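A short worksheet on the structure shown next.
The values are calculated or read from the model by the stated rules, or taken from the named source; none is laboratory data. Small disclaimer: the values here were computed from a predicted structure and weren't measured. Cβ placement follows ideal geometry from the backbone for every residue including glycine, while neighbour counts extend to all protein chains displayed.
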Amino acid sequence: MPRIRPVRFLVVTILSLSVAACGGSGSGAGAGGGKANLHLLVVNSSQSPVTVTYSGGEPLSTSQDKPKVEKCTAARLDYLLKDPFQVSVDGKQVFDSSSLPAGLPQGGATDVTLGMTVAKDGKTTVDQPIGVGKDITKPAALGICY
C-alpha cells in the first residue's frame, strides 16, 4: 500500500474543503436559479411602517413585492439582481445602481448586499454600501428603537 505524504494530504484536504465551502461552482450566484441576487437590509427606526420598492428583478420566494417594513424592525429582502436598479422607500429613491462609478461588483454577475436605515425622523440613508456576497445580518430588535 502506498504511503500518503503528509504535505500532499494536507494540501488536498484544504483545497477540498475550500471548494466545498464555496459550493464548488465559483459563480457566486445565489438561490435565484443560477442568477445573481440582491440581498437588501432595511432597518426601520421610525415610528411608522415604510414600503420598499425595488425596480430591478422579481422578489425571491423569501421576499414579497413592495413589502412593508414595520416600525422598529429590520427586514432582509432578497431580489433577482438586474442592473441598473433603484431602491425607494415610501416613494423616495434612496439608491440607484447607475450612480456607482465602477458599476456593480463583478459586473453584476455575483450576489450583492446593500443596507439602509430609516431614521427616527423618516430620512433614509444607505449605511452599508454595495458589497459582494449574501451575508447581511439584521441587528438585534432591542437596538433599533431604543
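Scanning segment 107-145 for residues that are out of contact with any Ser or Thr (no Cβ under 8 Å at 6 or more places or on another chain) and closer than 27 Å to GLN47 by Cβ turns up THR113, LEU114, GLY115, LYS123, VAL126, PRO129, THR137, LYS138, PRO139, ALA140, LEU142, GLY143. Just one of (1) outside any helix (DSSP H, G or I); (2) surrounded by fewer than 19 Cβ atoms within 10 Å (Cβ to Cβ) fails for LEU142. It is (1).
Give the number of residues within segment 30-62 that are part of a loop (DSSP other than H, G, I, E, B), under 14 Å from the mean Cα position of the chain (by Cα) and either buried (at least 22 other Cβ atoms within 10 Å of the Cβ) or modelled with pLDDT under 75 (or both). Step through it out loud before you land on a result.
If we filter segment 30-62 for residues that are part of a loop (DSSP other than H, G, I, E, B), which is where we start, we get 30-31, 33-34, 36, 45-49, 55-58, 60-62.
Remaining after also requiring under 14 Å from the mean Cα position of the chain (by Cα): 30-31, 36, 56-57, 60, 62.
If we keep only those that are either buried (at least 22 other Cβ atoms within 10 Å of the Cβ) or modelled with pLDDT under 75 (or both) too, we end up with 30-31, 36.
Count: 3.
With respect to being over 18 Å from ASN37 (Cβ atoms), assigned to a strand (DSSP E or B) and modelled with pLDDT of 95 or more, THR113 falls outside the description. Taken over segment 52-83, residues that are of a type in the set (Ser, Thr, Tyr) and either touching a Leu at 6+ places or on another chain (Cβ under 9 Å) or in contact (Cβ under 8 Å) with a residue 40 or more places away in the chain (or both) amount to 5.
Within segment 69-97, being in a strand (DSSP E or B), surrounded by 14 or more Cβ atoms within 10 Å (Cβ to Cβ) and not aliphatic (A, V, I, L, M) holds for THR73, ARG76, ASP78, TYR79, GLN86, SER88, PHE95.
Can you pull out the residues in segment 116-135 that are surrounded by 17 or more Cβ atoms within 10 Å (Cβ to Cβ) and either hydrophobic (A, V, I, L, M, F, W, C) or part of a strand (DSSP E or B) (or both)? If you could, list the steps in order and put the result at the bottom.
In the first step, residues of segment 116-135 are kept if they are surrounded by 17 or more Cβ atoms within 10 Å (Cβ to Cβ); the result is 116-118, 124, 130, 134.
Passing the criteria: MET116, THR117, VAL118, THR124, ILE130.
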